[in-house]
Amino acid sequence: MFGYVKDGHVFGECKKSGLGLWECPPFLFIVMGFINICAMLGSYFLASRYSEEPMVAVLVVVSVSILILIIGNFVITGFNKIAEANLLKSEFIGIVSHQLRSPLSVFKWTTDILIKEAANKKLNPDDGTYLNILKENTERMIELVNLLLEVNRVESNRMMLARNPISLYKISEDMVNSVAWYAKAYNVEVELQPLPSPPDVIGDMDRVRMVVQNLIDNAIRYSQGKGKIDIYLKREGGFLKWEIHDNGVGIPREQQKFIFQKFFRSDNAVKYQTQGSGLGLYIAKAIIEELGGEIGFKSEIDAGSTFWFTLPIVK
Amino acid sequence: MAKKILFIEDEPALQKALANAFVREGFEIIQALDGETGLRLAKQKKPDLVLLDLILPRMDGFEVLRKLQQDQETKLIPVIVLTNLEGMGEVQKVIELGVRDYLVKTNYKLDELVEKVKATLSL
């Protein structure tokens, strides 16, 4: 659509649509061909062993081959439809998101101007509040569109990550400072535990910041309005491990396996927080794994959760 | 003397918002609502910097960039792409065409844009 296809390679096309090798119609076609040849040889061997009539052997081979071709055709057509739907969905999200961004930039910039002008005038205090509500909600919409675009990139393997030395400690420190007011509103204290001479890690500054923000944000939002959140950084072999402990609502055990799935929100997440796209952790996992790290968590309902990820330390 | 900025942007509301922010900071602004007019104004008025959208009527931003690069008179004008597209195809293409910066509109406040422009012009 936007010139992402650089080559006409069929497997490249499948990768682009976010399909694995075993879901890729051209690959399945080759596999079916192979199965068909094996089945023909096998049935010929069996037929000639049990029957002396060559016509019977030929008939058996032809019938087996036709049967496999018919079944194979149904299977491949089905997969083809899935592949097409996947690609269409990706394109749809891409187009809609870009189209949404245009009016959103108008909202963002015009509220910017209004807020600035309001600061110089004596406004009715309510008007200032309304402007800020407008601004915050515009930011929320922008954030959601950005998440959708990011998901789209993850799914179609178009995520392009920088690999620079970055200070994960500094990112965490800045983030903790920037969420201070927000944490206070939730009656939660967020503390970054010190790490002497923290090493730099290899990563993409903006994306890693997005992951850190998402994990801190989740810890605050699902904190049940009280408690303490601790962030630890520690060296583990060639990796730096980032860990966040909260004493929030926790994730029900039976739903834990779905937590990194796209759009998934656990029952108690929905109960405590109506806002949330269910995209943050999905994207976080994709980013961390693409950068060569790992991500995981431990959680107990009503006791809290510990989310962690690792990134390679700069050598 | 006030620095001249050319905005090539087809959304009138965004043109107005950009103009408001830049005039406030003492810039002189020139506005174009399509690629063709933008290119013509770049040649005529010799702006100090161009803020360019990519999806434009009559001539798209990529073509405008290419033409600006080909012309000796406009080749050295710094261009900042200001768009809502951010696929790697677009980024790569415009970087090859020598832009100074690639900014996604929704991710920047007006003040931050003004700062970017000032930094590019070393003001």
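Odds and ends about this structure:
- Boolean, residue B:12 is touching a residue at least 40 places away in the same chain (Cβ under 8 Å) and either in contact with a strand residue (DSSP E or B) (Cβ under 6 Å, 6 or more places away or on another chain) or within 14 Å of chain A (Cβ to nearest Cβ) (or both): no
- The set of residues from segment B:54-94 being under 19 Å from residue B:104 (Cα atoms), among the aliphatic types (A, V, I, L, M) and out of contact with any helix residue (DSSP H, G or I) (no Cβ under 8 Å at 6 or more places or on another chain) comprises B:88, B:91.
- Going through (1) charged (D, E, K, R); (2) away from every other protein chain (no Cβ under 12 Å); (3) buried (at least 23 other Cβ atoms within 10 Å of the Cβ) one by one, residue B:40 falls short only on (3).
- Condition check for residue A:136 on (1) away from chain B (no Cβ under 14 Å); (2) modelled with pLDDT under 90; (3) out of contact with any Lys or Arg (no Cβ under 6 Å at 6 or more places or on another chain): one failure, at (1).
- Checked against (1) of a type in the set (D, E, K, R); (2) within 14 Å of chain A (Cβ to nearest Cβ); (3) more than 20 Å from residue A:146 (Cβ to Cβ), residue B:73 passes all but a single condition, namely (2).
- Matching helices (runs of 4 or more DSSP H) fully within segment A:115-231 where at least 3 residues are under 26 Å from residue A:260 (Cα atoms): A:125-155, A:168-178, A:205-221
- Positions within segment A:131-178 being loosely packed, with under 15 Cβ neighbours inside 10 Å and among the basic types (Lys, Arg), in sequence order: A:140, A:163, A:170
For every residue, the table says whether it meets (1) small (Gly, Ala, Ser); (2) under 26 Å from the mean Cα position of the chain (by Cα); (3) not assigned by TED's automatic domain parsing to the domain that holds residue A:263.
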| position | (1), (2), (3) |
| --- | --- |
| A:87 | no, yes, yes |
| A:99 | no, yes, yes |
| A:119 | yes, no, yes |
| A:124 | no, no, yes |
| A:130 | no, no, yes |
| A:143 | no, yes, yes |
| A:148 | no, yes, yes |
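- Identity of the residue in segment A:42-61, of a type in the set (Ser, Thr, Tyr) and either touching a residue at least 12 places away in the same chain (Cβ under 8 Å) or in contact with a Pro (Cβ under 8 Å, 6 or more places away or on another chain) (or both), that ends up surrounded by the most Cβ atoms within 10 Å (Cβ to Cβ): A:43
Here is a yes/no grid of residues against (1) surrounded by fewer than 18 Cβ atoms within 10 Å (Cβ to Cβ); (2) within 14 Å of chain A (Cβ to nearest Cβ); (3) closer than 17 Å to residue B:15 by Cβ; (4) of a type in the set (Asp, Glu):
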residue: B:29; (1), (2), (3), (4): no, no, yes, no
residue: B:44; (1), (2), (3), (4): yes, no, no, no
residue: B:51; (1), (2), (3), (4): no, yes, yes, no
residue: B:54; (1), (2), (3), (4): no, yes, yes, no
residue: B:62; (1), (2), (3), (4): no, yes, no, no
residue: B:78; (1), (2), (3), (4): yes, no, no, no
residue: B:82; (1), (2), (3), (4): no, yes, yes, no
residue: B:99; (1), (2), (3), (4): no, no, no, no
residue: B:111; (1), (2), (3), (4): yes, yes, no, yes
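- Each residue in segment A:243-259 was checked for being surrounded by fewer than 18 Cβ atoms within 10 Å (Cβ to Cβ) and hydrophobic (A, V, I, L, M, F, W, C), and 1 pass.
- If you go through segment A:195-221 and pick out every residue that is surrounded by fewer than 17 Cβ atoms within 10 Å (Cβ to Cβ), modelled with pLDDT of 90 or more and in contact with a Gly (Cβ under 8 Å, 6 or more places away or on another chain), you end up with 0.
- Any hit, segment A:94-114, residues being away from chain B (no Cβ under 14 Å) and touching a residue at least 60 places away in the same chain (Cβ under 8 Å): no
- In this structure, residue A:69 does satisfy being over 16 Å from residue A:152 (Cβ atoms), touching a residue at least 24 places away in the same chain (Cβ under 8 Å) and out of contact with any Pro (no Cβ under 6 Å at 6 or more places or on another chain).
The values are calculated or read from the model by the stated rules, or taken from the named source; none is laboratory data. Keep in mind that what you see is a predicted model, and the values were worked out from it rather than measured. Note that we place each Cβ from the backbone using ideal geometry, even for glycine, and neighbour counts take in every protein chain shown.
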